[in-house]
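J.: Handing you this structure, nothing more for now.
The values are calculated or read from the model by the stated rules, or taken from the named source; none is laboratory data. Predicted, not measured: the structure shown is a model, and the values here were computed from it. Here the Cβ positions follow ideal geometry from the backbone for every residue, glycine too, while neighbour counts run over all protein chains shown.
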Amino acid sequence: MKTEVCTNRLGRPQNAILGALRLRAIRYGRFCPIMKKHLSLALIPALLIWTAATPRASAANLKTIFLAARAHDMRYRQSGASYREARTIGPEARSAFLPHISAEANTSYNDLTSRILGGSSTFVFPSGHFTFNAHGYGVSVSETLLDIQALYAYRAAGDTMRAARSRYELAKSDLVLGVCAKYFGYLLARDDLRLRRAEERALRAEYASAMRGFHLGRVPITDANEARARYDAVRAATLAAQNALRLARARIERMTGTPARGLWPLNLHHALPRPRAGVLVTDEARALNHNLVLQAARRQAAAAAADARAASAGRYPTITAQAAYSYSRAGNGEFGFGTVLRDKTIGLNLNLPIYQGGELSAKSAHASAAAFHARVAALRIQRRVRFDVRQAFLNVRNGYDEIRALKAARAAARQALASERLGVRVGFRNNVDVLRAEQAYYRSRRDFARATYDYLLGRLELKAAVSHLTAGDIDRLNALLKPPSAPSAPSNGHAAPGVGARP
């Protein structure tokens, strides 16, 4: 029985191990034909297991790129760390209103020498050398009953935590938008390169045809030179498209930390989602309530205002309740006897700042200026959000209409190119007319692909301006993609024609 060797893209280690297994099977088969047959049969499951275990360069779709970026992108991870840091502010500010309990204990060994100078011999406090142990312990409890400054500080901490939460959600939304922008940028660069190469092959064929016609005397030299000039220009554009594709791949690899190979193209057999039926005024109203950038700015302004009130409340009195219990025991002392003390205290402590050298006034003025700055920044962001919503709304509406117009223009350019080629064959058109029609056809295909990607990104930008993006938006866009086929076609729905191909 002959065992076939299965190979893949990483076939060298597979062939080495299978060769070793085959050599061992042959050696055993020289002595036992039955053993040879059984070993050959045993190689089949070994081949299957090794093929399944061998890593392959699999294609990636939008969701896998997003998951890799969420685990690798440093800006997103930094925002998560900042949010976890901000969450500790609230418990720290709340601790000012909770009881503070502390305990202490002590023990000591004492070596004491006492000598009385003067006095009668019957003095009650004897002189001498004493060694003894002393120890004690105590518990104290204190709780703030009135502290207006701590109250405003606690409110400011809550607003700061909510602002940090909004910034963290904004980082998630920006990650979704950034992944989609880089993914579609890569697809657009790949489609542009394929179309440039197809255009280059077509213009090379037209140039060769023009040269043949010139040598046969049917085409003037001007047509041949025109074909050569257009071919050289497209060749330069192809080199630029290659570099653009490398840069687009590098951007994805920088975000994900993994090679970007075999990304799924857009499947235009699925109908593109229509613009959401809504009114611009409604989107603007929703954005004023749900836009994450505006929410973070407003909460930061509220936190700054609370800090200003806390700074001005530093001149108010504070009242604290205190209770304590302590016990101490000394075995001896400088007077020749030991002591045992038990102390229980409870009371109120009133603290009223009268003059602090102008510190309270300076802090209050500084905090008031910071609050005004934060309030002005929030108003500026509010105006920017209104404009961003209006711009994204108009871009989406215009993008959908532009796609329909470019689809009709692409079909018209395709038909015009076919007509020009037919005119050359019957003698009504020349090669220059065909070259112009070919360039117009490929330009219409590139414009249609670019408009499609811009429309999908515009929808995401509109939703991000109104509220925020989630992983569900990635799933919906991922449903519009298709696995790469062999040979893969550009994601604008048409295969690139070969040399001399007719559109």
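J.: Could we say that Phe387 is at pLDDT 90 or above, part of a helix (DSSP H, G or I) and in contact with a Leu (Cβ under 8 Å, 6 or more places away or on another chain) here?
T.: Considered against the rule, which asks whether it is at pLDDT 90 or above, part of a helix (DSSP H, G or I) and in contact with a Leu (Cβ under 8 Å, 6 or more places away or on another chain), Phe387 comes out as no.
J.: Only one of Ala189, Ala181, Ala171 is surrounded by fewer than 22 Cβ atoms within 10 Å (Cβ to Cβ), part of a helix (DSSP H, G or I) and touching a Ser or Thr at 6+ places or on another chain (Cβ under 7 Å). Can you tell me which?
T.: Going through Ala189, Ala181, Ala171 in turn, just one is surrounded by fewer than 22 Cβ atoms within 10 Å (Cβ to Cβ), part of a helix (DSSP H, G or I) and touching a Ser or Thr at 6+ places or on another chain (Cβ under 7 Å): Ala171.
J.: Among the residues of region 356-385, how many are farther than 17 Å from Thr160 by Cα and of a type in the set (Ser, Thr, Tyr)?
T.: 2
J.: Continuing with the same structure: Which condition number in (1) of a type outside the set (Asp, Glu); (2) surrounded by 11 or more Cβ atoms within 10 Å (Cβ to Cβ); (3) modelled with pLDDT of 90 or more is the one that Ser102 fails?
T.: It is condition (2) that Ser102 fails.
J.: Here is a list: Tyr316, Tyr325. Which entry is surrounded by fewer than 17 Cβ atoms within 10 Å (Cβ to Cβ), in contact with a helix residue (DSSP H, G or I) (Cβ under 7 Å, 6 or more places away or on another chain) and aromatic (Phe, Trp, Tyr)?
T.: Checking each option against the conditions leaves just Tyr316.
J.: Go through the residues of region 213-226 one by one and say whether even a single one is of a type in the set (Phe, Trp, Tyr), assigned by TED's automatic domain parsing to the domain that holds Val432 and farther than 30 Å from Pro483 by Cβ.
T.: Yes: one or more hits.
J.: Could you check region 57-104 and list, in sequence order, the residues that are aliphatic (A, V, I, L, M), under 30 Å from Arg476 (Cα atoms) and either touching a helix residue (DSSP H, G or I) at 6+ places or on another chain (Cβ under 7 Å) or assigned to a helix (DSSP H, G or I) (or both)?
T.: Hits for region 57-104 are Leu62, Ile65, Leu67, Ala68, Ala69, Ala71, Met74, Ala81.
J.: Please find, among Leu294, Leu272, Leu266, the residue that is in the same structural domain as Leu188 (by TED's automatic domain parsing), in contact with a strand residue (DSSP E or B) (Cβ under 9 Å, 6 or more places away or on another chain), touching a residue at least 12 places away in the same chain (Cβ under 8 Å) and crowded, with 16+ Cβ neighbours inside 10 Å.
T.: Being in the same structural domain as Leu188 (by TED's automatic domain parsing), in contact with a strand residue (DSSP E or B) (Cβ under 9 Å, 6 or more places away or on another chain), touching a residue at least 12 places away in the same chain (Cβ under 8 Å) and crowded, with 16+ Cβ neighbours inside 10 Å holds for just one of Leu294, Leu272, Leu266, which is Leu266.
J.: Pairs only if they're at least six apart or on different chains, beta carbon under 8 angstrom, first in region 391-404 and in a helix (DSSP H, G or I), second hydroxyl-bearing (Ser, Thr, Tyr) and surrounded by 17 or more Cβ atoms within 10 Å (Cβ to Cβ); list them, first residue then second.
T.: Final answer for the pair search is Val396/Tyr455; Gly399/Tyr455; Tyr400/Tyr455; Glu402/Tyr455; Ile403/Thr452; Ile403/Tyr455.
J.: Taking only pairs six or more apart or across chains, which ones have beta-carbon atoms under 9 Å, a first residue in region 248-259 that is part of a helix (DSSP H, G or I), and a second residue that is among the β-branched types (Val, Ile, Thr) and surrounded by 14 or more Cβ atoms within 10 Å (Cβ to Cβ)?
T.: Pairs that qualify, where the first residue is part of a helix (DSSP H, G or I) and the partner is among the β-branched types (Val, Ile, Thr) and surrounded by 14 or more Cβ atoms within 10 Å (Cβ to Cβ), are Ile252/Ile65; Ile252/Val179; Ile252/Thr258; Met255/Ile65; Met255/Val179; Thr256/Thr64; Thr256/Ile65; Thr256/Val179.
J.: Run down Ala233, Ala205, Ala210, Ala227 and say which single residue is of a type in the set (A, V, I, L, M, F, W, C) and either surrounded by fewer than 16 Cβ atoms within 10 Å (Cβ to Cβ) or without any contact (Cβ under 8 Å) to a residue 60 or more places away in the chain (or both).
T.: Being of a type in the set (A, V, I, L, M, F, W, C) and either surrounded by fewer than 16 Cβ atoms within 10 Å (Cβ to Cβ) or without any contact (Cβ under 8 Å) to a residue 60 or more places away in the chain (or both) holds for just one of Ala233, Ala205, Ala210, Ala227, which is Ala233.
J.: Considering only region 354-373, how many residues are in contact with a helix residue (DSSP H, G or I) (Cβ under 6 Å, 6 or more places away or on another chain) and not hydroxyl-bearing (Ser, Thr, Tyr)?
T.: Adding up the residues that qualify gives 5.
J.: Do any residues in region 459-485 that are free of Cβ contacts under 8 Å to residues at least 24 places away in the same chain have Cβ atoms under 9 Å from those of residues that are among the aliphatic types (A, V, I, L, M), where the two are at least six apart or on different chains, and which pairs are they?
T.: Lys463/Ala392; Lys463/Leu469
J.: Same structure, new question: For His468, all conditions in the list (1) assigned to a helix (DSSP H, G or I); (2) within 30 Å of Ala71 (Cα to Cα) hold save one; what is the number of the exception?
T.: For His468, the failing item is (1).
J.: So Gln295 clears everything in (1) in contact with a Leu (Cβ under 9 Å, 6 or more places away or on another chain); (2) within 30 Å of Gly136 (Cβ to Cβ); (3) outside any loop (DSSP other than H, G, I, E, B) except one condition, right? Which one?
T.: So the condition that Gln295 fails would be (2).
J.: If we keep just the residues of region 213-223 that are in contact with a helix residue (DSSP H, G or I) (Cβ under 6 Å, 6 or more places away or on another chain) and touching a residue at least 24 places away in the same chain (Cβ under 8 Å), which is nearest to Leu177 (Cα to Cα)?
T.: Ranking the candidates gives Asp223 first.
J.: Which residue pairs have Cβ atoms under 7 Å apart, sit 6 or more places apart or on different chains, and have a first residue in region 306-319 that is in contact (Cβ under 8 Å) with a residue 12 or more places away in the chain and a second that is surrounded by fewer than 19 Cβ atoms within 10 Å (Cβ to Cβ) and charged (D, E, K, R)?
T.: Ala306/Arg155; Ala311/Lys363; Gly314/Lys363
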